1. Out of the stretch 188-208, which residues are in contact with a Cys (Cβ under 9 Å, 6 or more places away or on another chain) and either among the hydrophobic types (A, V, I, L, M, F, W, C) or within 16 Å of ligand 1 (Cβ to nearest atom) (or both)?
2. Would you please list the contacts, defined by Cβ atoms under 6 Å and residues six or more apart or on different chains, that run from a residue in the stretch 409-425 that is away from ligand 1 (no atom under 16 Å from the Cβ) and part of a loop (DSSP other than H, G, I, E, B) to a residue that is hydroxyl-bearing (Ser, Thr, Tyr) and open to solvent by 10 Å² or more (accessible area, probe 1.4 Å)?
3. Please work out if GLY198 is assigned by TED's automatic domain parsing to the domain that holds GLY523, away from ligand 3 (no atom under 16 Å from the Cβ) and under 16 Å from the mean Cα position of the chain (by Cα).
4. Of all residues in the stretch 328-361, which are hydroxyl-bearing (Ser, Thr, Tyr) and assigned to a helix (DSSP H, G or I)?
5. Cβ contacts < 7 Å: first residue within 30 Å of ASN406 (Cα to Cα) and of a type in the set (D, E, K, R), restricted to the stretch 186-214; second residue within 15 Å of ligand 1 (Cβ to nearest atom) and assigned to a helix (DSSP H, G or I), any location; separation 6+ or different chain. Result?
6. Considering each of ARG280, ARG263 in turn, give the residue that is at pLDDT below 90 and open to solvent by 20 Å² or more (accessible area, probe 1.4 Å).
7. If you go through the stretch 447-470, how many residues are outside any loop (DSSP other than H, G, I, E, B) and either more than 16 Å from ligand 2 (Cβ to nearest atom) or surrounded by fewer than 19 Cβ atoms within 10 Å (Cβ to Cβ) (or both)?
8. Out of ASP681, ASP719, ASP712, I need the residue that is under 29 Å from THR498 (Cα atoms), acidic (Asp, Glu) and buried (at least 24 other Cβ atoms within 10 Å of the Cβ). Which one?
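The values are calculated or read from the model by the stated rules, or taken from the named source; none is laboratory data. Model, not experiment: these values are computed from the prediction. No Cβ is skipped: glycine too gets one built from the backbone with ideal geometry, and neighbour counts run over all protein chains shown. Ligands, DNA and RNA are excluded from the accessible area calculation, which covers all protein heavy atoms including side chains. Shrake-Rupley method; radii C 1.70, N 1.55, O 1.52, S 1.80 Å.
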Amino acid sequence: MSASQDEAGGRETRAGRETRVGPAPAGEPEFEPYHHPAAGWGAAKSVTRFMSREGALVDGPRAILRMNHENTGFDCPGCAWPDDTKGLHLDICENGIKHVTWEMTRKRVGPEFFASRSVSELSGWSDYDLENQGRLTEPMVYDPETDHYVPISWKDAFDLVGSTLRGLDSPHQAAFYTSGRLGNEATFLYQLMARELGTNNLPDCSNMCHEASGRALTASLGTGKGTVDLKDWETTDALFIIGVNAASNAPRMLTALAEAHKRGARIVHVNPLVEAAATRAIIPHDFRDMATLHSTRTSNLNIQPRIGGDMALLRGMAKALLEQSSADPKALDREFIDRYTAGFEEYRAACESASWEEIERQSGVDRAAILQAARVYREADRSIVSWCLGVTQHEHGVDTVREIVNLLLLRGNLGREGAGPSPVRGHSNVQGNRTCGIDHRPAPEFLDRLGEVCSIDPPREHGLDTVGTIRAMHRGDIKVFVGMGGNFALAAPDTPYTYEALRQCELTVQVSTKLNRSHLVHGRKALILPCLGRTEKDEQRGGTQSTSVEDSMSMVHLSVGMKRPASPHLLSEPAVVAGMARAALPDSATPWEWYVEDYDRIRDTMAQVLNGFEDFNRRVRLPLGFRLKQPARELVFLTPSGRAEFSAAPLPDVVPEPGTLALGTMRSHDQWNTTIYSDNDRYRGVKNLRTLVFMNEDDMRERGIAKFDPVDITSTAKDGSRRGLNGYLAIPYDIPRGCAAGYMPEMNVLCALGDYSTQSDQPIMKHVKVTITHAA
Ligand SMILES: Nc1nc2c(c(=O)[nH]1)N[C@H]1C(S)=C(S)[C@@H](COP(=O)(O)OP(=O)(O)OC[C@H]3O[C@@H](n4cnc5c(=O)[nH]c(N)nc54)[C@H](O)[C@@H]3O)O[C@H]1N2
Ligand SMILES: Nc1nc2c(c(=O)[nH]1)N[C@H]1C(S)=C(S)[C@@H](COP(=O)(O)OP(=O)(O)OC[C@H]3O[C@@H](n4cnc5c(=O)[nH]c(N)nc54)[C@H](O)[C@@H]3O)O[C@H]1N2
Ligand SMILES: [Mo]
């Protein structure tokens with residue numbers, strides 16, 4: 001990924017298959033369509049292989065038995081699916097186990113490692129090889145003379161951060177990124193530091209993830225989160241699962257799906273790909289199922305819309321209900337609509353004016369299948385709609401999430417048991433980060449409280465998000481970039497452009513557990529600050545500390561690490577923030593060190609600032625913690641009208657122009673965002689290959705492309721600029737015509753920075769306009 005381009009277009013960027021993110025292939029690429037149930041012994045085998053590789057066979061199982069335990073264990077650092085409320089001790093999953101094992105590896109990256117390898121040399125390594133070196137052990141600073149990272153004391157590291165920040169012309173020349181792993185207490189201190197410095201430049205991974213969901217839910221319901229919990233999942237009559245690869249990315253949802261199916265709930269999956277969770281699953285905590293390989297169905301109906309076709313599909317379902325309602329008044333909940341909603345007539349008109357022909361064309365689904373889905377919805381007394389990135393990472397992500405709410409409102413599926421919207425969040429604490437203040441567009445009331453309680457004068461103007469930060473770095477307007485976790489260089493769109501942007505900085509600081517690309521793509525000065533992971537014991541002056549996290553369903557609970565830290569030199573994330581803050585704000589009245597001595601003190605302050613956190617220290621210690629109240633759940637709508645608002649947005653045109661395809665970038669089964677575990681994608685039947693593109697067989701035939709043929713993929717941005725990947729291998733797959741799919745982060749090269757949604761500012765990662773040709 002060496003080529004460069006300017007954002008405005010013109011120059012073409014291309015990368016080839018030789019730029020490897022994943023490991024060196026263990027063998028020849030293989031592909032066989034997958035027909036087995038999800039989870040079960042395939043998962044168990046994969047876990048054992050992984051644990052033995054990381055040398056964690058002894059510690060691994062012991063730790064895993066402590067994972068997700070009520071207040072005595074640590075929260076799984078994997079996804080944000082809630083913990084089982086009945087305390088199922090084996091409610092854990094293959095990918096969660098891999099994730100924990102990854103953190104607990106016995107491998108280490110110490111000063112000797114950096115002494116013998118220059119940054120230029122490391123830059124030639126694959127991302128897999130970088131992370132595979134193990135845990136970072138000491139703070140390191142980049143030495144431009146020798147092109148090596150060399151050790152630095154914590155004090156000197158903090159002084160470097162402090163003096164650089166103090167030397168800026170304006171605090172707005174710094175940006176503070178958060179990846180969704182960060183616990184609530186560190187989150188609160190981090191945003192406090194940024195605001196005390198005087199900026200709201202708080203980009204985070206949500207900007208690439210669920211920004212659309214938050215904005216849509218706030219506009220429709222006045223509550224920016226889902227309103228349902230696991231109990232609702234256990235009592236609902238119908239589940240609509242849209243744009244989620246649950247078997248890989250929220251595997252504990254498999255249990256909920258299988259149990260729902262067993263008790264007779266109906267399940268509809270909406271996804272251009274039929275993913276493994278949309279067929280059958282073996283419930284991991286059911287030993288009988290595991291022993292007999294008995295699998296449970298997890299689907300009644302699979303609908304495969306075209307990429308971006310969800311909004312038209314949802315509108316078709318609404319249209320069907322409205323048409324039916326003259327003969328079947330119970331198809332709609334008129335009482336609910338009259339009492340709690342606004343904008344119904346406009347919405348009805350929008351549904352009426354959308355012709356079936358247009359709905360079929362835009363969704364890529366025929367009318368009969370839409371009616372079938374509408375029938376499931378009509379026949380259910382209570383329905384839940386759940387979604388993830390397949391819905392949000394689009395130009396029209398906000399409108400589509402609002403369309404989900406429209407559909408729910410039509411039948412009063414809100415504010416009662418078993419019903420409501422249920423977005424599946426990404427990182428384990430990404431929702432908590434927002435709740436605790438990571439927001440580049442903070443609400444004035446929040447700033448008022450923060451200012452008052454913490455005696456600071458927080459800035460009022462909006463800050464920069466992820467895309468805005470990259471642009472500003474590229475222009476030279478942001479000079480200091482701090483990454484609290486994550487791997488910004490590789491996770492962000494438009495890889496070469498993002499690299500150039502980071503390299504413009506005066507200082508880049510990465511707070512990390514493992515070596516990654518963002519350490520090698522750095523500013524003139526650069527620091528790697530290694531921190532404790534969630535599995536590790538956090539000892540401070542006031543004793544062993546715990547941190548809190550919030551899951552996808554708004555449960556806030558404690559996480560307590562118990563493993564000996566990977567190195568005696570690691571600091572906790574709150575301690576790293578406090579160290580930076582003290583150095584950057586020498587006159588600060590905030591008691592940074594005092595906070596770090598005992599996190600209860602941070603929680604006491606948070607209780608005064610954050611809505612719903614009253615009596616935080618006591619309630620977070622209750623079994624399973626506590627649930628943050630969602631006003632919409634109580635049918636309180638904090639919208640301008642005081643009602644739930646229908647949205648009558650026009651249907652977007654998502655049909656690819658002739659000759660082009662809509663490409664979605666997604667995760668394989670064996671990766672965690674930019675962390676790659678192997679180059680297999682078991683549930684999609686792929687082995688030894690990541691540099692691939694899934695295509696419809698007819699689209700392949702039309703282009704003279706056969707299975708495993710090398711192809712060149714070229715994307716065309718809104719501004720006309722082009723980006724490309726060469727020599728990727730084509731895989732014939734069950735995907736609608738006109739659609740293609742492949743893996744992030746490799747395919748970020750194809751995503752132009754300027755192509756972000758005008759509704760959410762989210763980079764468009766699921767609907768990249770491409771042409772695919774046989775490689776020359
Ligand atoms: N093991 C593991 N777990 C994870 C992660 C991980 O990398 N590994 N990442 C975490 C994070 S940060 C997040 S945000 C979540 C992401 O969880 P997902 O949203 O499941 O992530 P993706 O792999 O991007 O998969 C998107 C799904 O959307 C489908 N899709 C693509 N385009 C469309 C469309 O237009 N319409 C519809 N209906 N579907 C579409 C794809 O086929 C795919 O099934 O997972 C979290 N959990
Ligand atoms: N094309 C494309 N791009 C995408 C997406 C997509 O679907 N398509 N998805 C987007 C989404 S949803 C997301 S969330 C982003 C993910 O973006 P990020 O959150 O920035 O990336 P991760 O790969 O999750 O970060 C991995 C790194 O986190 C560090 N780390 C792990 N654990 C800890 C910890 O406990 N503390 C600290 N301080 N560091 C830790 C390790 O050093 C590791 O290398 O990517 C986005 N990018
Ligand atoms: Mo995410």
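1. Result: PHE188, LEU192.
2. GLU417/THR235; GLY418/THR235
3. On the way: assigned by TED's automatic domain parsing to the domain that holds GLY523: yes; away from ligand 3 (no atom under 16 Å from the Cβ): yes; under 16 Å from the mean Cα position of the chain (by Cα): no.
When the stated conditions are applied, GLY198 does not pass them.
4. Residues of the stretch 328-361 hydroxyl-bearing (Ser, Thr, Tyr): 340-341, 347, 353, 355.
Across the stretch 328-361, the qualifying residues are TYR340, TYR347, SER353.
5. ASP204/ASN433
6. On the way: ARG263 fails: at pLDDT below 90.
Just one listed residue meets the conditions, ARG280.
7. Within the stretch 447-470, the subset outside any loop (DSSP other than H, G, I, E, B) is 447-454, 466-470.
Narrowing further to those that are either more than 16 Å from ligand 2 (Cβ to nearest atom) or surrounded by fewer than 19 Cβ atoms within 10 Å (Cβ to Cβ) (or both): 447-454.
Residues in the stretch 447-470 being outside any loop (DSSP other than H, G, I, E, B) and either more than 16 Å from ligand 2 (Cβ to nearest atom) or surrounded by fewer than 19 Cβ atoms within 10 Å (Cβ to Cβ) (or both): 8 in total.
8. Values: ASP719 fails: buried (at least 24 other Cβ atoms within 10 Å of the Cβ); ASP712 fails: buried (at least 24 other Cβ atoms within 10 Å of the Cβ).
Checking each option against the conditions leaves just ASP681.
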